[in-house]
1. Can you spot a residue in region 217-233 that is polar (S, T, N, Q), part of a helix (DSSP H, G or I), farther than 29 Å from residue 179 by Cα and more than 20 Å from the chain's Cα centre (by Cα)?
2. Residues 261, 205, 235: which one is touching a Phe, Trp or Tyr at 6+ places or on another chain (Cβ under 9 Å) and within 30 Å of residue 317 (Cα to Cα)?
3. When you scan region 246-261, do you find a residue that is assigned to a loop (DSSP other than H, G, I, E, B), surrounded by fewer than 22 Cβ atoms within 10 Å (Cβ to Cβ), on the phi > 0 side of the Ramachandran plot and of a type in the set (Phe, Trp, Tyr), even just one?
4. Condition test on residue 278, is it assigned to a helix (DSSP H, G or I) and surrounded by fewer than 14 Cβ atoms within 10 Å (Cβ to Cβ)?
5. If you check 386, 358, which single one turns out to be at pLDDT 80 or above, exposed (fewer than 14 other Cβ atoms within 10 Å of the Cβ) and not basic (Lys, Arg)?
6. Taking the residues in region 61-102 that are touching a residue at least 40 places away in the same chain (Cβ under 8 Å) and polar (S, T, N, Q) as candidates, determine which candidate is surrounded by the fewest Cβ atoms within 10 Å (Cβ to Cβ).
7. Within region 325-355, count every residue that is under 15 Å from residue 4 (Cβ atoms) and loosely packed, with under 14 Cβ neighbours inside 10 Å.
8. For region 284-301, check the following and say yes or no: at least one residue is surrounded by 19 or more Cβ atoms within 10 Å (Cβ to Cβ), hydrophobic (A, V, I, L, M, F, W, C) and either in the same structural domain as residue 168 (by TED's automatic domain parsing) or assigned to a loop (DSSP other than H, G, I, E, B) (or both).
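The values are calculated or read from the model by the stated rules, or taken from the named source; none is laboratory data. In this text, all values refer to a predicted model and were calculated from it rather than measured experimentally. We place every Cβ from the backbone using ideal geometry, glycine too, and count neighbours over all the protein chains shown.
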Amino acid sequence: MHVLWMVVRFGLGFPIWGDEAFVVNNFADLGYAELFEPLPNGQVAPLLWLWLEKLFYDLGDGSIYWLRFPALVAGVVSTWLMLRFCLRALPQPSALFAFAIFAAAYYPLRHAVEVKPYALDLLFTLVQLNLALDLIAASGKRLRRKAIALVLISAVGVWASYPSMFVSGGLALYFFARKSTRVKAVAGSLVFGVSAVAMVFLFALPHARAASWLMEMDMWTPAFPPLDRIWTWPLWLVERHAGYMSAYPTGGRDYGSSVSLALMVVGAVGLWRCRQRAFLGLLLAPLLFNFVAATGKFYPYGGSIRVSIFMAPALCLLMGHGLTLCVQRFKPTVQRYAAHTICVLLFAFTSMGLVRDIQQPYKSEGDVRAKEFAAWMAEHVMDDAIVLGWCYQKDGAPDFHGHGGSMARLRVQLRQAGIRVEWLSTGAQKVIVQNRVVQNRADGQAFWLLAYTDDNDTTIPFAEAEFQTTLQAFDLAGFSSEHFNFPFYKAERIDLYRFE
């Protein structure tokens, strides 16, 4: 059912939304070498993922289906790897509960159908964890092959998934603690360490410095330990783990995942009492490295499920084991009914998610309106027509970032519809009129002026006076005009003018 929901959501073709659009615009504007440099608009993503998406952007001519296909493949493979990991890590009741919780979870599925790197984060985590279990059970030549595979995956993974470093660090600690694998752990850590250091200093740090303001956003500041108030850390950690980090199968901020956290604690205590402490350490060790990174504001600790999705296998496993231990507290005659009821509820949760997506195949109304507008433009604008764009200006140039994801999404939709917009800069109106439009007037070709407004945020006011000057310039040049208005959502709208 989880895979069916994922494939159906992919097939519904949700309109692209802001976070996706921010990175997609880079694939249109930048080449492979330029993607190595810090990205505009504060975008931070691993290099191999950027190159993979750039490849699919070029192959699919910007198609959203092509761009989302790598995440879909990662999501389907992750589902199989999660089932394999659960069945090998714990006895069947706990394993099946753990997988059922994962399969009913919304967020891993959602990120498997988006142009974002989080599906790869989950995939690399599951590949590493499954290889770790293989390595524990292997011997002889098979042990050597599995060890080499794990080291190579870890070394490559840091270039494709930032949090894979935390998983690799946890695995290194686990295998170093085992006498039989201590030498291999040291050797593997050296190989992984060289790759990780190179990635951090050559790629990640320059990108992070260019987008340092992201870590000061209200969304992220609670995700970093309050270093000036160490005594608040216990409560802070509880709040982090009871928030979006543990939202399986659902949950939210402000202790919205408290039930999930409680099941995790029960499961962890159960493993500890059963003398599976080393395995418990294997599951939770990545959090130690995540916390260290958070103290330096290099990577948030929780804050949203997407940045913590690498912990999904461990957390779902602990929840599943905790749920089994809770069910076992009932009388034997009741346990089976309780287990069946839980499975039915989780299946119903998945089914409702599928139905909801079919009924509402979009993230927001604004995304739908932008897609409809782009389709309208494709129908009414000639291929060789000039389309000029006007929006809020900053330092004399269009401020695409100031408008946030709404503007990024509009630019992607227009590109996908084959509409090329020349965005005007402050003071460029007369030059455009004289050198581009007036010279082509003799051809009898109409041209368009697109004015984008989104005044929800007063820091991005529409330059009405300057825009009116532009309209007057066209009127003085003798053009007749036709005005169209397209309201999107709340204050977001487009005023479109056709001149001839």
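1. yes
2. 261
3. So far as region 246-261 goes, yes, one or more of its residues are assigned to a loop (DSSP other than H, G, I, E, B), surrounded by fewer than 22 Cβ atoms within 10 Å (Cβ to Cβ), on the phi > 0 side of the Ramachandran plot and of a type in the set (Phe, Trp, Tyr).
4. yes
5. Exactly one residue qualifies, and that residue is 358.
6. Of everything passing the filter in region 61-102, 63 is surrounded by the fewest Cβ atoms within 10 Å (Cβ to Cβ).
7. Residues of region 325-355 that are under 15 Å from residue 4 (Cβ atoms), as a first pass: 346-355.
Adding the requirement that they be loosely packed, with under 14 Cβ neighbours inside 10 Å leaves 348, 352, 355.
Qualifying residue count for the region: 3.
8. No, the conditions are met nowhere in region 284-301.
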